[in-house]
1. What tally of residues in region 82-110 results from selecting those that are more than 22 Å from the chain's Cα centre (by Cα), open to solvent by less than 100 Å² (accessible area, probe 1.4 Å) and among the charged types (D, E, K, R)?
2. With respect to the numbered conditions (1) over 23 Å from the mean Cα position of the chain (by Cα); (2) at pLDDT 95 or above, which one is the sole condition not fulfilled by ARG43?
3. Please find, within region 3-17, the residue that is nearest to the chain's Cα centre (by Cα) out of those that are farther than 20 Å from ASP69 by Cβ and surrounded by 12 or more Cβ atoms within 10 Å (Cβ to Cβ).
4. Would you mind telling me which numbered condition in (1) open to solvent by 70 Å² or more (accessible area, probe 1.4 Å); (2) within 23 Å of ARG3 (Cβ to Cβ); (3) not in a loop (DSSP other than H, G, I, E, B) LYS79 fails?
5. Among the listed residues ILE60, ILE56, ILE78, which satisfies the condition of being modelled with pLDDT of 95 or more and not basic (Lys, Arg)?
6. Could you list, ordered by first residue, the pairs with Cβ atoms under 8 Å in which the first is in region 69-93 and without any contact (Cβ under 8 Å) to a residue 40 or more places away in the chain and the second is not aliphatic (A, V, I, L, M) and not in a helix (DSSP H, G or I), at least 6 apart or interchain?
7. Output the number of residues of region 18-60 satisfying the condition of being closer than 24 Å to ARG71 by Cα, among the hydrophobic types (A, V, I, L, M, F, W, C) and open to solvent by 70 Å² or more (accessible area, probe 1.4 Å).
8. Starting from region 14-25, keep only residues that are over 19 Å from ALA42 (Cβ atoms) and touching a residue at least 24 places away in the same chain (Cβ under 8 Å), then list their pairs with residues that are open to solvent by less than 10 Å² (accessible area, probe 1.4 Å) and part of a helix (DSSP H, G or I) whose Cβ atoms are within a distance under 8 Å, requiring at least 6 positions of separation or different chains.
Amino acid sequence: MARIAGVNIPTNKRVLIALQYIHGIGQKSAREIITKVGIEDARRVNQLTDAEVLQIRETIDRDYTVEGDLRRENSMNIKRLMDLACYRGLRHRKGLPVRGQRTHTNARTRKGPAKPIAGKKK
């Protein structure tokens, strides 16, 4: 099992798919990494040599922000908005949708399960 950026990537999958298990690497980034290192698409992780895994690891460390650093950066951005008390920060603080979605109905993912209102029987 190869360990890249602190994540154990699955060994029996293609390299393109396995790299996407790392937080911050999607399909486009995985394809860029593969072309930089020079690995063909059909190769699987268990067919990679140690040198190729090392090259992938170095490429990711050098060119991409992934895993803990990316999560920390995102949380710091949200915390900054909340400290500024701007509109988006207030929405984050209240746990409401941030990007202009309606809240009269829907928005259950952000607001949580519906709370019953006393005396609302019909």
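The values are calculated or read from the model by the stated rules, or taken from the named source; none is laboratory data. The structure displayed is predicted, hence computed values, not measured ones. Neighbour counts run over all protein chains shown; Cβ positions are idealised from the backbone, glycine included. To get the accessible areas, we keep the full protein, side chains included, count just its heavy atoms, and leave off ligands, DNA and RNA. Shrake-Rupley method; radii C 1.70, N 1.55, O 1.52, S 1.80 Å.
1. Residues flagged as more than 22 Å from the chain's Cα centre (by Cα), open to solvent by less than 100 Å² (accessible area, probe 1.4 Å) and among the charged types (D, E, K, R) within region 82-110 amount to 0.
2. Among (1) over 23 Å from the mean Cα position of the chain (by Cα); (2) at pLDDT 95 or above, ARG43 violates only (2).
3. Among those residues, the one meeting the criterion is ILE17.
4. So the condition that LYS79 fails would be (2).
5. That would be ILE78, the only listed residue that is modelled with pLDDT of 95 or more and not basic (Lys, Arg).
6. That search, which allows pairs on different chains as well, returns GLU73/THR65; ARG91/PRO97.
7. Final tally of qualifying residues: 1.
8. Going by the 8 Å Cβ cut-off, the qualifying pairs are ILE22/ILE60; ILE25/LEU19; ILE25/ILE33; ILE25/ILE60.
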